[in-house]
Amino acid sequence: MKKSVLGLVAILALAAAGYGGYRYAMQSMEHPAPAASAEGSSGKQVLYWYDPMYPQQKFDKPGKSPFMDMPLVPKYAGEAAEAGTVSISPQMVQNLGVRTAEARRGALEQRFEAVGAVAFNERGVVQIQARASGFVEKLHARAPLDPVKKGAPLVELLYPEWAGAQEEYLLLKKSAAADLAQAARQRLMLLGMTEEQVAAVEREGRVRNRFTLAAPISGVIAELGVREGSTVMPGATLFRLVDLSTVWVNAEVAETQASWVTPGAKVVARVQAYPERTFEGRVGALLPEVNAATRTVRTRIELANPDALLKPGMYATVIFQQGAKAESVLVPSEAVIRTGTRDVVIVALGDGKFRAQPVEVGAESGGQSQIRKGLQPGDRVVLSGQFLIDSEASLSATVARLEGTAQTHQGRGVVEDVDAAKGLVQLEHAPIPALQWPAMTMEFRVEDKTQLARLKKGAAVEFELRAKPDADGNYVITRIAPRP
């Protein structure tokens, strides 16, 4: 009887437990527990997790560090900002007039403008000289820069020494001495007479003392070297004519855009005198010289000038345009801060936080700059007020470095190995709470190598180390000694 009662009690207990479990499960399904939030035990919001030994690497969830045998440590919102990062209140952001733009991926159009001055086309210059000693009898073109047409008379010259040679030639030509006549004709050519002038003497059969020089091209008189009644000597410059059907524009192209200019490329030019007109031309040459003061390369542009509207000395705006390059990250050029030693943009991180980000800048065109390294599409960059933010970020980073250098932490451990020559010691150290380090074995660099002489393998030591690693990534021990 007693066993039956005990058995019944056990069955009832099991049934009650089963019913309780069923009710708990149903309640859990009706009211599920909230998902794990990115909050630590302190209730603060976790921004990311990181390995204290490699703080530059960030992780989006907790776990074991892939670098060291230790768990990842959370980074909470509101903690000290990273080096190079500054926080600015919304009111200050408004006062600074901070504007931002999004970095985007796109193709940079190779279109830019350059300014230059119109000049004579030196390939269209003709120089007229005196071929013998003589006198200016009559001057038809009397002023520099006067326009002239091809074939128009320029000057009448008297050549006395040509008269005797012509008379001798005409006499020999009438005689039977053909060889002597040919020699006399050759003498006329050597004295400076042209083939046309000798042919005119043969055709007329008489001596000509005066000769009229005509313009060989249409253009303007760039240089006038004689006056009526003056004496000329052989080789003296009488006129310098320039053809204005084409002109040059010597444009100054920025050194960074010189690679975009290729000889033969088509260009379009405008001048203020005729704003409604455009003048087409091509790149004649990229001159092998850089202006040291302006860091520009002189580019020679050849423009057609059929109506002679373009005058030497005019300023012209030349538009260079070529096909687009491959896609890359683009930002407005005003976002880039050029210090001379580095290029920086200010990245807006949100919530009033900003970071000075070094970048590698490529080509620039149309107010856009190509960013080769340092930014990703979608990053927001600051367009105005960035100089003040960059100064504040640089100051914050400097203070952080100074504080990191000065701050030290204490620890204890056991010597595993010593390399006095290299100034290295390997320690199995106890946890260091200030650095959030667990107990582990790692190698340190000792600032004063003489301290290693007192250390032996297996010795218990106490030490002090800097809070930040050096440039090589090694943590530096400033003091180490055997533990008493």
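The values are calculated or read from the model by the stated rules, or taken from the named source; none is laboratory data. Quantities reported herein were computed from a predicted structural model and do not represent experimental measurements. Reconstructed Cβ throughout: ideal geometry from the backbone, glycine too, with neighbour counts over all protein chains shown. Surface accessibility is based on the protein's heavy atoms, side chains included, excluding ligands, DNA and RNA. Shrake-Rupley method; radii C 1.70, N 1.55, O 1.52, S 1.80 Å.
Just a few scattered comments:
- Of all residues in the stretch 279-296, exactly one satisfies the criterion of being open to solvent by 60 Å² or more (accessible area, probe 1.4 Å) and touching a Lys or Arg at 6+ places or on another chain (Cβ under 6 Å), namely R282.
- Residue that is surrounded by the most Cβ atoms within 10 Å (Cβ to Cβ), among those in the stretch 411-423 that are in contact (Cβ under 8 Å) with a residue 40 or more places away in the chain and not aliphatic (A, V, I, L, M): G413
- Selection of first residues in the stretch 211-226 that are closer than 9 Å to V148 by Cβ and of second residues that are among the basic types (K, R), restricted to Cβ pairs under 7 Å at least 6 apart or on distinct chains, gives the following pairs, ordered by first then second residue: A215/K149; A215/K150; I217/K150; S218/K149; S218/K150.
- Residue count, the stretch 126-148 (criterion: open to solvent by less than 40 Å² (accessible area, probe 1.4 Å) and more than 20 Å from P234 (Cα to Cα)): 3
- Criterion applied to W248, W260 was being surrounded by 15 or more Cβ atoms within 10 Å (Cβ to Cβ), in contact with a strand residue (DSSP E or B) (Cβ under 9 Å, 6 or more places away or on another chain), of a type in the set (F, W, Y) and modelled with pLDDT under 90, and the one residue passing it is W260.
- Inter-residue pairs, beta-carbon under 6 Å, first in contact (Cβ under 8 Å) with a residue 40 or more places away in the chain and in the stretch 424-452, second surrounded by 14 or more Cβ atoms within 10 Å (Cβ to Cβ) and of a type in the set (F, W, Y), 6+ apart: V425/F444
- Extreme residue, modelled with the highest pLDDT, among residues of the stretch 55-65 that are open to solvent by less than 90 Å² (accessible area, probe 1.4 Å) and closer than 21 Å to Y475 by Cα: S65
- Looking across the stretch 307-352, the residues that are outside any strand (DSSP E or B) and within 30 Å of M92 (Cβ to Cβ) come down to S333, E334, A335, V336, T339, G340, T341, R342, D351, G352.
- Residue ranges of strands (runs of 3 or more DSSP E) in the stretch 209-284 with at least 2 members farther than 17 Å from K138 by Cα: 219-224, 237-242, 246-254, 266-271
- Boolean, G151 is open to solvent by 40 Å² or more (accessible area, probe 1.4 Å), touching a strand residue (DSSP E or B) at 6+ places or on another chain (Cβ under 9 Å) and under 30 Å from P312 (Cα atoms): yes
- In the stretch 170-182, the residues that are among the hydrophobic types (A, V, I, L, M, F, W, C) and open to solvent by 90 Å² or more (accessible area, probe 1.4 Å): L171, A176, L180
- Flag for Q197 being of a type in the set (S, T, N, Q), part of a helix (DSSP H, G or I), open to solvent by 40 Å² or more (accessible area, probe 1.4 Å) and closer than 22 Å to A132 by Cα: no
- Residue within the stretch 112-121 that is modelled with pLDDT under 85 and open to solvent by less than 90 Å² (accessible area, probe 1.4 Å) present: yes
- At least 1 residues being at pLDDT below 85 is the threshold, and among the strands (runs of 3 or more DSSP E) wholly inside the stretch 420-470 those reaching it are 460-466.
- Taking the numbered list (1) closer than 30 Å to L145 by Cβ; (2) among the β-branched types (V, I, T); (3) surrounded by fewer than 17 Cβ atoms within 10 Å (Cβ to Cβ) in turn, T299 passes all entries but (3).
- Applying a threshold of 8 Å to beta carbon distances and a minimum spacing of six or more residues, or different chains, the list of pairs starting in the stretch 324-345 at a residue that is within 14 Å of Q370 (Cα to Cα) and open to solvent by 70 Å² or more (accessible area, probe 1.4 Å) and ending at one that is outside any strand (DSSP E or B) and modelled with pLDDT of 90 or more is empty.
- Test: R185 is open to solvent by 50 Å² or more (accessible area, probe 1.4 Å), over 60 Å from the mean Cα position of the chain (by Cα) and not aromatic (F, W, Y): no
- In this structure, E167 does not qualify as surrounded by fewer than 17 Cβ atoms within 10 Å (Cβ to Cβ) and modelled with pLDDT of 90 or more.
- When R240, R210 are screened for being at pLDDT 90 or above and open to solvent by 40 Å² or more (accessible area, probe 1.4 Å), only R240 passes.
- Under the condition of being assigned to a loop (DSSP other than H, G, I, E, B) and small (G, A, S), the residues counted in the stretch 109-159 number 7.
- Output for the stretch 353-395, where each listed residue is at pLDDT 80 or above, outside any strand (DSSP E or B) and surrounded by 13 or more Cβ atoms within 10 Å (Cβ to Cβ): G374, L375, P377, D379
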